[in-house]
1. Return the percentage of antiparallel bridges among DSSP beta bridges fully within segment 155-271, rounded to the nearest 5 %.
2. When the chain is fully extended, how far beyond the present Cα-Cα distance does Asp44 get from Ala192, taking 0.36 nm per residue of separation?
3. Expressed as a rounded percentage, what relative contact order does segment 155-271 have, with Cα pairs under 8 Å and six or more residues apart?
4. Treat each spin label as a single point 7 Å out from the Cα along the C-beta direction, and report the Thr223 to Ala159 distance in nm.
5. For an R0 of 41 angstrom, estimate the FRET efficiency from the Cβ-Cβ distance between Arg25 and Ala131 and round to the nearest 0.05.
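Every read-out reported here was derived from the displayed coordinates using simple, explicitly stated rules and does not represent laboratory data. Since this is a predicted model, take the numbers as computed values, not measurements. Methodologically, a virtual Cβ is constructed for each residue, glycine included, from the backbone with ideal geometry; neighbour enumeration extends over all protein chains shown.
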Amino acid sequence: MKMQIYGSGCDKCRKLAANAETAARKLGIEIELEKVSDINAITDAGVMMTPALAINGKVVSSGKVLSPEEIGKRLTAAMTGANTPCCCAGSSETTAPDACCCSSAEEKSASGSCCGGSGVSRKILTVLLLALILFSIAAMVVRELNSRHEDTTAVSVPADAVVVYYFHGTQRCMTCNRIEELTKQAVQENFADQLADGKIVFRSVNVDDPAKEHYIRDFQLSTRTVVMQKGDRYEKFDQIWNLVREPEQFMQYIGNGLERMLKGWNTLWQSAPHSGSES
């Protein structure tokens with residue numbers, strides 16, 4: 001008969017080993033007692049709490065120090081192959097000889113080797129739960145960042161200021177991100193003074209947000225694009241999609257549009273539905 005004591009070698013581990021030897025001596029049987037302290041071996045056995053006791057490789061107790069009498073019952077059951085009552089969820093259903101023989105539902109749950117499920121399954125469930133929690137936290141952070149980013153659209157601007165909108169959706173491709181990056185760069189590098197003075201305002205707006213959907217109607221948007229607005233006039237810059245692979249031409253395209261807007265002359269202007277303030 002082979003018995004294993006799983007644990008770090010603590011006092012409880014030594015006590016459990018001594019009780020196992022006492023139980024075997026009372027029953028008059030010879031045992032091979034192995035003390036397992038390697039953490040990988042303990043984990044592979046499905047042991048979640050130590051000290052743990054195994055008989056012939058099967059964990060029968062975990063997280064407690066069994067008395068010699070309790071160990072004796074398990075040894076007897078292992079030798080005779082007698083059916084033992086299953087203690088899963090308080091059930092008294094009789095199981096096969098190799099079924100669980102833990103003394104309590106808590107011990108069974110801790111051992112991870114009986115009706116309560118394997119230690120491996122428990123580990124997988126724990127990992128999945130942690131992944132779900134992390135995903136939820138990440139989603140909350142993204143929503144918060146997007147909210148802070150778009151909160152700037154609620155700030156009113158002077159009537160003579162030029163508002164540069166970049167309209168995008170919730171799902172953004174690399175090209176979409178590149179368009180916003182180049183538009184910002186064109187404004188920041190060539191119109192830094194006007195930005196500082198509030199004569200130019202840049203806004204990134206998610207039109208998938210129900211509160212921002214009105215922009216689709218307001219500016220008759222048919223695609224994600226850049227729109228510049230001054231007072232009750234605006235111009236759409238849909239050619240950005242054709243120029244996104246040519247950064248210099250892209251930035252010149254945006255820069256020329258801003259120049260026209262700032263000077264107040266543009267034959268391409270359309271009537272805007274509202275002023276530069278956000279509703």
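1. Values: 11 of 18 bridges.
So the antiparallel bridges in segment 155-271 amount to around 60 percent.
2. Details: separation 148, 0.36 × 148 = 53.28 nm, distance 6.26 nm.
Taking 0.36 nm per residue and subtracting the Cα distance, the gain is 47.0 nm.
3. Numbers: 154 pairs, mean separation 40.4, N = 117.
That works out to 35 percent.
4. Going from the Thr223 label point to the Ala159 one covers 3.5 nm.
5. Values: r = 49 Å, r/R0 = 1.20.
After rounding to 0.05, the efficiency reads 0.25.
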